[in-house]
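Data first, discussion second: the structure below is written as structure tokens.
All of the numbers you see were taken from the coordinates with simple rules; none came from a lab. Bear in mind that the values here come from a model prediction, so they are computed numbers and not experimental data. Note that we place each Cβ from the backbone using ideal geometry, even for glycine, and neighbour counts take in every protein chain shown.
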């Protein structure tokens, strides 16, 4: 019940927010904040009073028993952290779009909360069919967020986003049906249950193909090279809140899927596929960074940097040892915060100077010292400065991956240099140099400062004291790893 | 008392937090109080700790303070822990003390700048990061400090952000050092993967057990760490960023790009010397790189016009000496030279800064001249610094440390005399270029109006550093000159003293005499060429020499080379790929579907009969399948 | 009474159906197209009758009556559409109504 | 009886050919009525007198009258006939004829394959039997048909009123 309420509260909040617009234009914002805060409180309560063992809480309701489909939810440390991230970023996104979204606020918060409800569902679902249901649920409202409240080329970007994610989602649906049917043939029982499907023995080719169906869906969402082109467009054109949710949360669903489904369900196939996946990760690290460097649109630059960061995630997931996996989790959270913050900063900049074009910016440090300072802070977080969260993630990923594949790890490590290049280019071109275009509004106000301060503290905390977080996720990861403990090459790191 | 150790980095960090959080809303006096005070307090604590450490040495000659466990995953559990041993003690003292003097100097030097608070915030952060670097017990924490100082270096080089050139210099510094840092990260990963820890003492303990001397892994690990050191310490081939880094304010150059941060590489190698001893090839490479760098940079320094760039190349050259010492196995000599270099180079920068402040921020030494009358204090302190840099015998600190290095090179087993010869030539050129600066700037005709306007906050650091630049060397003197061994005995616990060499004290005295002669000769040549302008000096105007001059002025063309080989291809590729080649593939898919749409839509005539015809045709086909199949 | 071979009855139905089809496809005038459709419906009805007669069951006639109802409804709507279209387009040319053109 | 079938069939086919090739709508309608009457006599021969009666009353009567009314309302004169002639070109018939030939071929094949032992029209099915079946097993179909007629009525009304509103 607790777990279902995590999905129901945002969904109810969505409908309330939608209807409440006629009362007052700001009412949807408060309702959205309230709903997310309530969900956050429930999450924390589950965290505090969770059961022992890897699964803190579970729900298993019958849904469509004829087809072996159940409403089965489960929360472990991994889901918990990602849900916390989702809800926290959701709150920040609502706060950040307080002035940016002035029209149809009710509808906006409806779509935003529905997306978040879908994401939470994705992080909780333990039935493949249910998982697919939530996977699609988060997609459609996001499409509307981009298409309705986005910037100048929003329609094209929204359609591109939709086609990429929908197309890959269909591949996943085929893979889900395939694995269920194979299970049906083997045991005579139709089921979509995660645990029942897990233990199933598959032929090597069958499992490879089914795994690829899942992999492509998650790799598109992640996004991994070469499935990334939807991301820069979607992130650039989305409104600030949309970009924050996209980068901070939606991308993580891809990584989560890889962690939760691809490797545990198909350990052998994943092991065979690991070198290719890691190669894609390493290429993504460098490719995203080079791409980011060349952009003139700030938002696009930040978006491309996500490709680079997610390359580390892919690399770490397929290294599949304790160090790399924990690095992946930290990297996901840190990336969610730091990139989310950068998108908020870009949004604030755009509100003030009405452009995102770096060629028109420059010298804003003098006029907007606080904004520039915070921008610098997050640019530096992005480039992986020790003491900030991203470093812990990247270092752990590299440390773990080195065990699995030293050459690719070294290639990916070169991404650390490339990250400096684009991050500093961003800072330099936007905030330093001669003042080009003046700001039409004063420096950050209290509300904006509060949002940024929260994010700064979070990322600093992540960099300095990541241990509580690591401890939270540890049983969950161990559990995932145990599922294929029989495979020697993928066992926990033993120095 | 040793338990106060954590305060030394924490105080400057607190200063940073205060200045960062208030973001320039504090009055200048409060900013100065916080900025200077935090480092001053830190220096005081460092002194107290030193006193306590020296009077009652802790067991095992080190003190370890664990603050918290940073990460714990299986066997990977780096801690945020400080380790105070003689090596880090020396480093800590120099950093806090010189740092404090430079902060004091800056509080006047930077007065009136709109970024006053930002400046002290960055400087405080730098001191904190540098202290973390030297005090770290774990390579990962060391790396954190290592990157932290790099960040502050970036922030301070680009401090005057309005000029894009400064920004470019700052970026270059960060990127070039980051290349080395990345090698270092890979080195850390390799070390952990093979040895299962990143705690320095355990590493140094396990490495010799795990690897025989000269083993490939040890060589790789040492080479990767060396990569980090080369970047940070501006050694060939990663030296190009340091001359450009002079775009920052002069106190920054003094603190970061002369006294402390750039010597972090030296510290790293000294700290992990066990690894380098296991990799003789790499150790030899350290020596060779050091020798090459010191010569290259010295010749470049000889040809610079910009006051600060002379000092920058000089710094590269002097760090080359330290690398030479490290490569020769004279660990103590390297650290000793680090200390004296911190004193005299900081002094030179601060004096130069004072001079330039008084003449309206003119950097070209050939537009100065005859300034010694107007700026006697600056002149005196610069002269003392120059003398120490040139290693004028007996009275200067630089003499003792450089002599120790040269002696170490001479007696080292690998290529000793060749290294020594390089050091000797370097000493000669060093004396020439620094006294070239002295003569050109302070003697000759007055060319520029100068007003002495520095107060006590500038004068005091100059005075104190002058004393140290002269007297700082008496803690360690060669056998022929009193044989004081306080410094090496202090460091004995950490760094192995050099093998006892059978060479007679007479040899040592001779070697020393030759070096002294070289230094004096250098001063004399500079005098002849740049002050007396003897006839022979006209050779400098010939075209061949001019071409060489331009080549050396440009730092041996490294910038040009890197620009062509690395920067431009990268830019070219990045620009080429701005619109993402992969996206073009997907666009191709979109395009082909658009084309096929255009063709297929022609079948949509909108005419009922046409549709009906196709309907019939389709039905017929279906019937045919049903009937004939 | 020997009756008629079923195949002959069906053949007549098919020939009529085919003629209706030719009419629909060949004529441009909407009225003629509608008439041709009537021919086709009638042919279908004929096939039902023939089939029902073969088995001596009333079902064939029932289907015919249903076809008849369908034809009546179709004609009334179709003719109303033709009238509306004629008012709008001032012609009975089926090819003139090609707004669906891609 | 057999002869009557073939004669009626020939009349039906011929008049249908005439109906679809006429340029004048009224002529075509008259041929169509002939065709329907011929079909009615075929029904009778096949032992379905009730269907034959309905064919005459509803098809040839009511539905064709509707057509005639509409042709009158459209007020198609000489000009329409001339235009109609211009539309009927020989090559217009090629495509449909080819399609139809394929259809005929397919059906002929099927009929040829099942030509033996099937004779129709040996028994007469009276209206009574039809009515009993109608209100027995086909009750739902009757209701559906009534719904369909109602819908047709409403649609025709609506379409007819459409222009007045404008």
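Some values worked out for this structure:
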read-out	value
Residues A:211, A:200, A:271, B:184 arranged by fewest to most Cβ contacts within 10 Å	A:200, A:271, A:211, B:184
Share of alpha-carbon pairs per 10 Å distance bin for the protein assembly as shown, given as whole %	1, 8, 13, 15, 13, 11, 10, 7, 5, 4, 4, 4, 2, 1, 0
Sorted by Cβ neighbour density within 10 Å, fewest at the top, the residues B:552, B:407	B:552, B:407
Pairwise centroid distance, computed over Cα atoms, of the stretch B:40-102 with the stretch B:267-288, Å	24
Nearest 10 degrees, 0 to 90: helix B:543-553 Cα axis against chain B principal axis	70
Inter-chain Cβ neighbour average for residues A:229-235, partner chain, 10 Å	2
Whole-angstrom gap from the stretch A:294-372 to the stretch B:548-595, using each part's C-alpha centre	22
For the stretch B:450-607, the spread of Cα positions along each principal axis, largest first, Å	112, 55, 47
Mean separation of Cα contacts under 8 Å, 6 or more apart, over the residue count of chain D: relative contact order %	21
Projected label distance in nm at residue B:56 and residue D:158, using a 7 Å step from Cα toward the beta-carbon	10.1
Cα-projected label distance for residue B:28 with residue B:484, points at 7 Å along beta-carbon direction, nm	4.1
Average beta carbon contacts from partner chains per residue of C:46-56, 10 Å cutoff	6
Highest to lowest packing among A:453-464, B:203-214, scored as the average C-beta count within 10 Å	A:453-464, B:203-214
Inter-chain shielding of B:168-174 (mean C-beta neighbours from other protein chains, 10 Å cut-off)	3
The stretch D:1-47, Rg to Rh (Cα coordinates; Rh as Kirkwood inverse mean 1/r)	1.06
Relative pair counts by distance (%), Cα atoms of chain A, 10 Å bins	4, 21, 32, 27, 12, 3, 0, 0
Convex hull volume of the stretch A:1-153 per residue (C-alpha atoms, cubic angstrom)	113
Global form of the stretch B:225-309, assessed from the alpha-carbon gyration tensor, a/c cut-off 1.5	oblate
Two-site label geometry, residue D:83 and residue A:49: point separation in nm, points 7 Å out along Cα→Cβ	8.2
Distance histogram in 20 Å bins (all Cα pairs of chain B, percent per bin)	19, 50, 19, 5, 5, 2
Inverse mean reciprocal Cα-Cα distance (Kirkwood Rh) of the stretch B:78-133, Å	12.6
Listed peptides A:115-123, A:343-351 by packing density, highest first (mean Cβ within 10 Å)	A:115-123, A:343-351
Tilt relative to chain B, helix B:376-390 - C-alpha long axis, 0 to 90 degrees, to 10	80
Principal axis dimensions, largest first and in whole angstrom, of the stretch B:123-232 by Cα	54, 25, 17
Shape category assigned to the stretch A:111-239 from the gyration tensor of Cα positions, a/c cut at 1.5	prolate
Distance cut-off 21 Å, percentage of C-alpha pairs in the stretch D:3-147 lying past it	63
Relative contact order of chain B, pairs being alpha-carbon contacts under 8 Å that are 6 or more residues apart, as %	12
Theoretical ellipticity at 222 nm over chain B - DSSP helices of four or more residues, -39500 (n - 2.57) apiece, nearest 500	-22500 deg cm²/dmol
Mean-position separation - Cα centroids, the stretch C:9-26 and the stretch B:310-376, in angstrom	107
Length-normalised contact order of chain A in % [C-alpha pairs under 8 Å, at least 6 apart]	15
Acute angle (nearest 10 degrees) that the helix B:581-601 long axis makes with the longest principal axis of chain B, alpha-carbon atoms	20
Estimated D of the stretch B:550-601 in µm² per second, where Rh is the Kirkwood radius over Cα pairs and Stokes-Einstein applies at 4 °C, 1.567 mPa s	90
Pairs of alpha carbons in the stretch A:159-229 whose separation is greater than 19 Å (percent)	38
Principal axis dimensions, largest first and in whole angstrom, of chain C by Cα	55, 24, 23
Spin-label zone in the stretch B:597-622 - amide nitrogen under 11 Å from a point set 7 Å from the Cα of residue B:579 along the C-beta vector	none
Hydrodynamic radius (Kirkwood) for the stretch D:126-166, which is based on Cα pairs only, to one decimal in Å	12.2
